[in-house]
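In what follows, a structure is listed as C-alpha cells, so that the remarks can point back to it.
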Amino acid sequence: MKARKVTGLDADAPLADNAERLVLARLDELYSFMPAAADPDAVVALHDLRIAAKRLRYILELLRPALGPYAKAAGKRAKELQDLLGRIHDCDVTLPRVEALIAELRERDALALQSLAADAEDLDPGLVSAAPHVDAFRGLEALAVYLRARRALLFGRFLEAWQELQRAGFRARLEYAAAERPSGPAAITPCSHDGNGAALSDDLPSDLSPT
C-alpha cells in the first residue's frame with residue numbers, strides 16, 4: 001500500500017508543526033480502513049490497516065519529543081495493533097497455501113488410485129489406504145483447521161482491541177498530543193538545511209520527507 005502524501009510540510013517551520021501534520025496524516029490513513037477491516041473476509045483492508053498502524057507507530061517513535069505526552073502511549077497501542085494484525089496476516093497468507101497443497105495432493109492421489117484400479121469395472125474402496133499421501137493429508141488438514149481457528153480467534157481479539165481504542169479516545173487524545181507544543185529544542189528548532197537546525201527529511205523515510 002502506497003503511503004498517503006503528507007501536504008503542508010515546511011522545511012523552515014518548527015519541527016513540532018511538521019510533526020503534527022505527519023501524525024494527523026498517518027492517523028487519518030489508519031482510520032480510513034475502518035469499518036471496512038471489521039469484515040473478517042476483508043483480507044486486503046486488514047493488511048492495509050496493519051501497514052497504516054506500522055507507519056503511525058514509526059512516526060510516533062521518531063517524533064515523540066516534539067509531541068505531547070500521550071504520543072508515547074499511542075505508539076505502544078499502534079505497535080500492539082500492528083502485531084495483532086500481523087498474526088492475522090500470517091494466517092491469511094499460510095492457509096491458502098496449505099489448502100492449495102491439499103488440493104494438489106488430492107488430485108495426485110485420485111490419479112494414483114485410478115491407476116491402481118487397472119481394468120477393474122469399479123474402484124475398490126480398500127485401495128484408498130494405498131493412496132501415496134494419506135498420512136500427509138491428516139497433518140495438512142489438522143494444520144488447516146488450526147489456522148482457521150487461530151485466525152477467527154485473532155480477528156475477535158482485533159475487534160475487541162479496536163473497540164477498546166475507541167473507548168479510550170485514542171484518536172482524540174492523539175490529535176491533542178499532536179497539537180501540543182512541548183518546551184525544548186524539538187519544539188522550536190526549524191527543519192532547515194542550512195546547518196543551523198535539524199533537517200526533518202534527514203531522519204524520515206523517503207515517502208515522508210518534504211517535497
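Report ³J(HN,Hα) in whole Hz for each residue of region 75-81, in order, from the Karplus equation J = 6.51 cos²θ - 1.76 cosθ + 1.60 where θ = phi - 60°; Gly and Pro get x.
x, 5, 5, 5, 5, 4, 5
Give the lysines reachable from K2 as a straight Cα distance under 20 Å; neighbours fewer than 8 places away on the same chain don't count.
Candidates past the 8-residue exclusion: K54, K79.
So if I place +1 on the C-beta of Lys and Arg and -1 on the C-beta of Asp and Glu, and nothing else carries charge, what would the dipole magnitude of region 51-197 be about its Cα centre? I want it in debye, nearest 20.
On the way: 21 positive and 20 negative charges, 318 e Å.
Using only the charged Cβ atoms, the result is roughly 1520 debye.
Tell me, what HN-Hα J-couplings in whole Hz come from the Karplus equation 6.51 cos²θ - 1.76 cosθ + 1.60 at θ = phi - 60° for each residue of region 115-131, using x for Gly and Pro?
5, 5, 5, 6, 9, 5, 6, 9, 8, 5, x, x, 5, 4, 5, 8, 4
For region 1-158, build the charge dipole from Cβ charges (+1 Lys, Arg; -1 Asp, Glu) around the Cα centre, then report which of L46, H133, Y70 sits farthest towards its positive end.
Value: Y70.
Could you pull out the GluC sites (Glu not before Pro) across region 50-99 that fall in loop regions by DSSP (anything but H, G, I, E, B) with no more than 11 other Cβ atoms inside 10 Å?
Counting only loop positions with at most 11 other Cβ atoms within 10 Å, none of the GluC sites (Glu not before Pro) in region 50-99 qualifies.
In which sequence would V44, V6 go, from the one with the fewest C-beta neighbours within 10 Å to the one with the most?
Least to most surrounded, the residues fall as V44, V6.
On a straight-distance basis, which aspartates and glutamates could pair with K5 in a cross-link, Cα separation under 19 angstrom, same-chain partners fewer than 8 positions away excluded?
Output for K5: D17, E20, D28, E29, D48, E175, D202, D203, D207.
Let me check against my output: what whole-number percent is the relative contact order of the chain, with C-alpha pairs under 8 Å and at least 6 apart? Let's see the in-between values first.
On the way: 220 pairs, mean separation 71.6, N = 211.
34 percent.
Let me see the P(r) profile for region 1-148: every Cα-Cα distance counted, bins of 10 Å, each bin given as a percent of all pairs.
Final binned percentages: 10, 26, 20, 14, 12, 9, 6, 3, 0.
Laboratory data are not the source of any read-out in this text; all were calculated from the coordinates shown. Quick caveat: nothing in here was measured; it's all calculated off a predicted structure. As a convention, Cβ positions derive from the backbone with ideal geometry for all residues, glycine included, and neighbour counts pool all protein chains shown.
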